[in-house]
Amino acid sequence: MAERFLPVIPSYGLLLSVGISVSDGAWSLPAAILATSFGSFVGCAACFYCVRALGDNRSMRILSLVSRPSGIPRDRINDRIASLRHRQTMLAFGLQLVPTIRLFVPILVGFLRGNSQGFLLASAAGILTWSSLFVGIGFFASHKIEDTNSTVLAVAVLVCVLLAEFAVLWVTRRVQSIRNVGNASWQN
């Protein structure tokens, strides 16, 4: 839960360390995954509801202020909000799997004033996936590597995660550009 409010320790490093301590017999693997997932979910929900408590008027003022430096014209904000609300469930799950960004997703969705039940369920699934992945990697790496250094393991896993996310982003962009070229040629 603390990672949502004080992101000093990267969650993947903490979760890898939990996985290593599970292999040392500190607690069971399912209990570690459930405890870490529950704590992260409580922090996510708390952030979401704190932003929700601001109300519609304050949320729109803040979104207007944030949109100016990002180059979004004021008259297009409502279109962007509607588009993000439409994809909110997919974004809530997917962005829980992206380091650092996952901490700001509840804030963004809280400003969007979308469906809270859909957001919380998708976030819970994303958080459970994230926690399971890193606790599991720490657990299995501890069994396979005799002298597991959690710092080296955390950095190696982060690099692998970032490379995988970059590859997925590149493939997605490539598919979109191919679709756009196909759509343009179809219309001509």
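The values are calculated or read from the model by the stated rules, or taken from the named source; none is laboratory data. Since the model is a prediction, treat every value here as computed from it, not as a measurement. Heads up, the Cβs are rebuilt from the backbone with ideal geometry, glycines too, and the neighbour counts pull from every protein chain shown.
Quick one: in segment 126-141, of everything that is of a type outside the set (Val, Ile, Thr) and more than 16 Å from the chain's Cα centre (by Cα), which residue is surrounded by the most Cβ atoms within 10 Å (Cβ to Cβ)? First the steps, then the outcome.
First pass over segment 126-141, keeping only residues of a type outside the set (Val, Ile, Thr): 126, 128, 130-134, 136, 138-141.
Those left that are additionally more than 16 Å from the chain's Cα centre (by Cα): 136, 138-141.
On the way: 136: 17, 138: 28, 139: 21, 140: 13, 141: 18.
Checking each candidate, the answer is 138.
Report yes if residue 177 is at pLDDT below 85, part of a helix (DSSP H, G or I) and touching a Gly at 6+ places or on another chain (Cβ under 9 Å), otherwise no. Reasoning before the result, please.
Details: at pLDDT below 85: yes; part of a helix (DSSP H, G or I): yes; touching a Gly at 6+ places or on another chain (Cβ under 9 Å): no.
For residue 177, the condition - at pLDDT below 85, part of a helix (DSSP H, G or I) and touching a Gly at 6+ places or on another chain (Cβ under 9 Å) - is not met.
Go through the residues of segment 108-120 one by one and say whether even a single one is at pLDDT below 85 and loosely packed, with under 14 Cβ neighbours inside 10 Å. Talk me through it step by step, then tell me what you get.
First, pick out the residues of segment 108-120 that are at pLDDT below 85: 108-116.
When the remaining residues are screened for being loosely packed, with under 14 Cβ neighbours inside 10 Å, the result is none.
So far as segment 108-120 goes, no, none of its residues is at pLDDT below 85 and loosely packed, with under 14 Cβ neighbours inside 10 Å.
Test residue 62 against the stated conditions and say whether it is out of contact with any Cys (no Cβ under 7 Å at 6 or more places or on another chain), over 29 Å from residue 128 (Cβ atoms) and either in a helix (DSSP H, G or I) or modelled with pLDDT under 85 (or both).
Working: out of contact with any Cys (no Cβ under 7 Å at 6 or more places or on another chain): yes; over 29 Å from residue 128 (Cβ atoms): yes; either in a helix (DSSP H, G or I) or modelled with pLDDT under 85 (or both): yes.
Taking the combined requirement at face value, the residue satisfies it.
Taking only pairs six or more apart or across chains, which ones have beta-carbon atoms under 9 Å, a first residue in segment 23-41 that is small (Gly, Ala, Ser), and a second residue that is not in a helix (DSSP H, G or I)?
23/148; 32/26; 35/27; 39/1; 40/1; 40/96
Quick test of your reading of the structure: residue 123 fulfils all but one of (1) surrounded by fewer than 16 Cβ atoms within 10 Å (Cβ to Cβ); (2) in contact with a Cys (Cβ under 6 Å, 6 or more places away or on another chain); (3) among the polar types (S, T, N, Q). Name the failing condition by number.
Result: residue 123 passes all but (1).
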